[in-house]
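Down below is the structure, laid out as structure tokens.
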2 protein chains.
Amino acid sequence: MASLKVPEIAPSPIQDSERIRKAFHGLGTDEKELILVLGHRNSKQLKEIRETYQQLYNESLIDRLQSELSGDFRNAIILWTQDPAERDAKLANAGLKDKRKGIKHLQILVEIACASNPNHLVAVRKAYCSLFHCSLEEDIVASVSQPLRKLLLGLVSSYRYDKVTVNLEVAKWESTKLYEAINTKKLDDDHIIWILSTRNIFQLRETFASYKHLYGNTLDQGIKNCGKGDMESLLNVVVWCIDSPERHFAKVVRDSIIGLGTDEDSLNRGIVTRAEIDLLKVRFEYANIYKSSLDDDVIGDTSGEYKDFLITLLGIGPKGL
Amino acid sequence: MASLKVPEIAPSPIQDSERIRKAFHGLGTDEKELILVLGHRNSKQLKEIRETYQQLYNESLIDRLQSELSGDFRNAIILWTQDPAERDAKLANAGLKDKRKGIKHLQILVEIACASNPNHLVAVRKAYCSLFHCSLEEDIVASVSQPLRKLLLGLVSSYRYDKVTVNLEVAKWESTKLYEAINTKKLDDDHIIWILSTRNIFQLRETFASYKHLYGNTLDQGIKNCGKGDMESLLNVVVWCIDSPERHFAKVVRDSIIGLGTDEDSLNRGIVTRAEIDLLKVRFEYANIYKSSLDDDVIGDTSGEYKDFLITLLGIGPKGL
């Protein structure tokens with residue numbers, strides 16, 4: 001359930017490109033107009049606009065946004081306007097190169113691998129090769145140490161069956177495997193990696209439910225009881241992204257807002273990358289878990305065009321046309 | 001370098017479909033006509049013919065071939081006419097289910113993973129999900145035991161960078177890693193799997209060359225010296241498929257021919273799956289290694305329409321139109 005609001009009859013890519021071009025000209029850039037157009041188009045329409053804009057004006061729309069705008073608004077609107085597979089490939093690369101943020105920098109890889117559909121994941125791997133001249137997996141091997149390396153390699157290499165097919169016996173059996181691994185604190189056991197990286201999402205949700213049914217507590221609680229290391233943290237992101245991506249992204253948005261200052265990179269990721277997927281559900285989970293309004297919290301923590309753009313993606317900004 | 005010969009100006013898919021339909025009718029099937037049409041079209045043209053035939057006559061061309069024909073000719077022409085990704089998915093599935101042939105049944109998976117381009121491999125994984133309602137990787141985990149399981153999972157999950165980019169230092173370093181694994185007889189070491197399943201083909205060829213330069217013998221010889229187990233056999237198929245797929249497929253064809261009787265499944269695989277890729281090179285390698293003509297050996301070992309079809313794919317049959 002996307003929060004994005006697209007006009008019933010959208011203008012043609014040529015009309016949109018002309019409006020965008022006009023917004024760049026004149027005294028200063030007309031950011032409001034950019035938001036009205038780009039913030040109300042889905043990824044298919046944005047692709048057509050990028051291509052049409054390039055043909056009409058012989059320049060890259062993304063490059064022009066880069067030079068015309070600045071700050072958090074620029075980052076957010078570029079993240080939104082570019083090709084989703086390229087965007088995620090760049091986020092993955094930045095995650096692998098930027099180790100300042102601790103384990104959080106690898107979380108992005110799990111989100112792409114576990115909270116996307118298999119075709120998007122392949123498109124990201126393909127875009128990664130084009131942009132960085134090596135495979136995503138090569139960079140994981142080079143940048144991440146064991147046992148996280150093994151886990152991430154398995155996850156990003158997956159191509160899961162994407163229909164609802166669940167085998168209850170398999171779920172039961174594999175939940176006992178997970179329990180054994182937790183009980184012996186061998187979270188990097190090959191079987192665990194195979195289960196998490198080859199099974200379809202619906203099967204895994206059943207396995208997690210079976211775990212709770214058999215052992216009384218949730219799988220993420222079981223993992224937490226193993227310790228507070230990086231493997232435990234990342235495995236819990238895996239479990240959340242598979243079991244309830246909306247709950248995971250509600251947490252991403254929450255964590256980016258609470259405390260001193262805002263983590264705009266994470267806020268952008270939470271809003272921008274999910275606006276066309278499940279942001280309505282994220283909002284619902286957010287209210288449910290934090291007893292607070294996601295919309296109000298975003299509005300309270302941001303300002304200017306940046307705020308206007310995010311609330312547009314949240315579906316509560318000015319109506320687009 | 002494909003051996004397949006396609007007319008410079010091919011008939012339209014409608015004309016081809018009508019010819020095929022006519023060949024099915026009349027007294028008995030006109031196999032020669034089927035060969036003249038289907039044996040002279042590439043996979044893109046065959047796709048159009050399948051679709052057009054379905055629209056015109058409201059039946060599947062593959063199903064009709066299945067009911068009209070029989071024996072080795074039927075198997076070969078169906079293998080050729082169907083979608084290549086579906087074909088390989090079915091071969092992979094048959095390989096995983098049929099254990100009578102020993103290690104040879106897993107060789108097909110290595111061929112698909114290491115002697116195809118990355119987009120084809122993904123298409124095969126996608127087709128596998130559609131046809132068998134689970135991921136290829138799930139079936140590998142269920143059907144193959146360790147350490148082959150780990151090797152095959154890594155290989156079929158790869159999405160390699162496909163441009164020529166070689167780092168000589170990396171090649172040298174990774175050839176020492178391979179040497180260590182061979183020296184300590186730890187062929188299932190995680191590093192080995194990562195090297196073979198994440199690096200691009202050109203980088204790996206350089207690594208194999210570096211191995212030979214540093215240690216005097218070839219990597220496949222080194223692996224052979226470790227023992228005669230399944231892991232050694234399969235690893236050598238990996239090395240051959242990466243280093244010189246044409247040499248590997250020359251061996252596939254040779255092994256299918258020599259000895260008593262013919263292994264038609266392997267012969268089909270060697271000819272049919274490579275006719276549009278590198279069968280000219282396979283023929284050259286065959287002559288080079290076995291001092292014998294691949295064409296003559298195929299002709300000597302087959303008969304009837306089956307022979308006619310294979311030599312058509314080899315580019316030495318009657319001219320198509």
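A short reminder: the numbers here are calculations on the coordinates, not readings from a lab. Keep in mind the model is a prediction, meaning the values are calculated, not measured. As a convention, Cβ positions derive from the backbone with ideal geometry for all residues, glycine included, and neighbour counts pool all protein chains shown.
See the values below:
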| item | result |
| --- | --- |
| Axis-nearest residue of B (beta carbon) for the B-onto-A rotation, whole Å | B:SER157, 2 |
| Where only alpha carbons of region A:246-303 are counted, the Rg and the Dmax (Å) | 10.1, 29 |
| Calculated label separations, B:HIS25, copies of the chain, 7 Å along the beta-carbon direction, nm | 6.4 |
| Relative contact order (%) - criterion: Cα under 8 Å, at least six apart; region: chain A | 24 percent |
| Residue (of B:ALA76, B:THR273, B:ILE223) at the positive-pole extreme of chain B, dipole from beta-carbon charges | B:ILE223 |
| Separation of the B:SER12 and B:ASP98 label points, Cα + 7 Å toward Cβ, nm | 4.0 nm |
| Cys residues of chain A counted as unpaired, since no other Cys beta-carbon is under 4.7 Å | A:CYS129, A:CYS134, A:CYS226 |
| Label point distance in nm, B:TYR290-B:VAL166, each placed 7 Å from Cα along Cα→Cβ | 2.9 nm |
| Region A:29-107 shape via C-alpha gyration tensor axes, a/c threshold 1.5 | prolate |
| Förster radius 30 Å - calculated FRET efficiency between A:LEU56 and A:SER130 (Cβ-Cβ, nearest 0.05) | 0.80 |
| Coordinate range along principal axes, alpha carbons of the protein assembly as shown, Å, largest first | 82, 59, 50 |
| Estimated [θ] at 222 nm from DSSP helical runs (n ≥ 4, -39500 (n - 2.57)) normalised by residues in chain B, nearest 500 | -21500 deg cm²/dmol |
| Other copies of B:GLY300: label-to-label distances in nm, shortest first, labels 7 Å along the beta-carbon direction | 8.6 |
| Inter-part distance where region A:254-321 and region A:1-72 are each reduced to a Cα centre, Å | 21 Å |
| Per-copy distances of the B:ARG64 label point, shortest first, in nm (7 angstrom along Cα→Cβ) | 5.2 |
| Inter-label distance for A:GLU33 and B:SER67, nm, one decimal - labels placed 7 Å from Cα along Cα-to-Cβ | 6.4 nm |
| Stokes-Einstein diffusion coefficient of region B:170-293, Kirkwood radius over Cα pairs, 4 °C, 1.567 mPa s, in µm²/s | 83 µm²/s |
| Ratio of the Cα radius of gyration of chain B to 2.2 N^0.38 Å, where N counts its residues | 1.05 |
| Estimated FRET transfer efficiency (B:LYS177, B:LYS47; beta-carbon r; R0 35 Å; 0.05) | 0.25 |
| Sorted by Cβ neighbour density within 10 Å, fewest at the top, the residues B:GLU264, B:GLU51, B:GLU174 | B:GLU51, B:GLU264, B:GLU174 |
| Number of Lys pairs (Cα under 19 Å; 8 or more positions apart or on different chains) in region B:217-321 | 6 |
| Top positive-direction residue, dipole computed over region A:92-174 with Cβ charges, set A:VAL156, A:SER143, A:TRP173 | A:SER143 |
| Highest-fluctuation residue, A:SER60, A:SER175, A:SER17 considered, GNM on chain A with Cα pairs under 10 Å | A:SER60 |
| Phi to ³J(HN,Hα) by Karplus 6.51 cos²θ - 1.76 cosθ + 1.60 over region A:106-117, Hz, x for Gly, Pro | 8, 4, 4, 4, 5, 4, 5, 7, 10, 10, 10, 7 |
| Cα gyration tensor shape of region A:168-243, rounded if a/c is under 1.5, else prolate or oblate by comparing a/b with b/c | rounded |
| Likely footprinting exposure, B:GLU276, B:GLU8, fewest C-beta neighbours within 10 Å first | B:GLU8, B:GLU276 |
| Region B:1-112: relative contact order in percent, alpha carbon pairs under 8 Å with at least 6 residues between | 20 percent |
